[in-house]
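Quick notes on the structure that follows.
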Amino acid sequence: MRVGVSLRSAYATDDPREGARWMIERARAADASALDSLFVGDHHNTGPFPYYQNVPMLARLLAEWRGRPAGVLMLLPLWHPVLAAEQIGTLAAIHDGPFVLQCAVGGGAEQFGAFGVELRHRRTRFEAGLDVVRRLLAGEEVSMTDPFRIERARIAPVCPEPLEVWIGAAVSVGIDRAARLGDAFLAGPESTAEEARRLIEEYRERCAAHGRDASCIAIRRDVHVAADHAELERVAQPIIDRGYRGFDPAALAVGTAGEVTEQFAALAAMGYTDVIVRHLVDDQPAVLGSLERLGAVRAELASV
């Protein structure tokens, strides 16, 4: 099993440079721990709360990350596919390893309203947008009238290695979309062990129905890897007790390195090939310590 990291992009700080610096330090720590992949998420219209946007942020973080897979999440219905493809092509040219596009249909009236996009059109825009992005990055010229008006678009640079597309989903129609269109499925961090098992079984069934391979199956987990239980109680437990993101606490991966390794090994036994972690605590030294201990977790899981 591989262990990657999706860096948090939202930070409550009065100095916008501080949150950006924390992301850079976390990417550097993930690299030092030899984690397997690095990602940055996607969210919009968040002001006044700071959220560092994925394309410029990942471009900076790639200076700290070499050789291993890296990528961004894009809520594709909110992106014009020509712009998305251009950004991906440039990021992939900066990077010296495989590039992964994580993508999802997204949600939230506050995000979609800011872009003048109706939520009811998101599935159509997702599938059309993904098709255009792939065609442009394959070097094709693309024209279409609906749902995007595009006239003779062609981009450069394109990805120097084949683009991997991981599609996130939590409901049946989205899981089927991932099986039809994706190179991998990405299960969400809110799923408990029981739900994770249901999701992977449904994804495999839909892959079989479409005659496609289910070789890469990833899951997100919100984590804190503590030095001991005293740190866990001091740093992570208060956040969990406040109802972290509305998640069932059983969906969180918190504990010592040995305990988190056991949780990830259980996911590997279900068939998940990758776990992508996001840290749930705010304290920067605690997160850097957790990232260091994730290196030991990753080493232990390398043969699983």
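Each value in this text was obtained by applying a stated rule to the coordinates, not by laboratory testing. What you see is a predicted model; the values in this text were computed from it and never measured. Here Cβ is always computed from backbone atoms with ideal geometry, including for glycine, and neighbour counts include all displayed protein chains.
Against the chain, whose longest principal axis is taken from its Cα atoms, helix 16-32 shows a tilt of about 80°.
Taking other C-beta atoms within 10 Å as the exposure proxy, SER290, SER143, SER6 rank SER143, SER6, SER290 from fewest upward.
Positive-end ranking of VAL277, TYR52, PRO157 along the dipole of the chain, with charges on Cβ about the Cα centre, is headed by PRO157. Out of all DSSP beta bridges with both ends in the chain, state the antiparallel percent to the nearest 5. Here the share of antiparallel DSSP bridges comes out near 10 percent. Look at the dipole of the chain built from charges on Cβ: of VAL260, CYS216, PRO16, the Cα furthest out on the positive end belongs to CYS216. Exposure proxy shown here: for LEU280, LEU181, the number of other Cβ atoms within 10 Å sets the order, fewest to most, as LEU181, LEU280. Phi angles of the range 289-303 translate, via the Karplus equation with coefficients 6.51, -1.76, 1.60 and θ = phi - 60°, into HN-Hα couplings of x, 4, 5, 4, 6, 5, x, 5, 4, 4, 4, 5, 8, 4, 9 Hz per residue; Gly and Pro are given as x.
With N set to the residue count of the range 186-265, report its C-alpha Rg divided by 2.2 N^0.38 Å to two decimal places.
With N residues counted in the range 186-265, Rg over 2.2 N^0.38 Å equals 1.31.
Rounded to the nearest Hz, the phi-derived 3J(HN,Hα) couplings of the range 107-123 under the Karplus curve 6.51 cos²θ - 1.76 cosθ + 1.60 (θ = phi - 60°) are x, x, 4, 5, 6, 5, x, 5, 9, x, 10, 7, 4, 5, 9, 5, 5, where x marks glycine and proline.
The range 110-173 and the range 16-63 have their alpha-carbon centroids 23 Å apart.
This model, with +1 at the C-beta of Lys and Arg and -1 at the C-beta of Asp and Glu, gives the chain a dipole about its Cα centre of some 680 debye. Between amide H atoms placed 1.01 Å from N, distances below 5 Å from ILE219 occur with ALA187, ASP274, VAL275, ILE276, all of them 5 or more places distant or on a separate chain. Computed over the range 51-185, the convex hull of the alpha-carbon atoms projects to a mean area of 8.2 nm².
Near HIS279, the amide H atoms lying under 5 Å from its own belong to ARG8, VAL223; only residues 5 or more places off or on other chains count, and H is placed 1.01 Å from N. Of the residues ARG206, ARG152, ARG135, which exhibits the maximal mean-square fluctuation in a Gaussian network model of the chain defined by a 10 Å Cα contact cut-off? Greatest mean-square fluctuation among the candidates belongs to ARG152.
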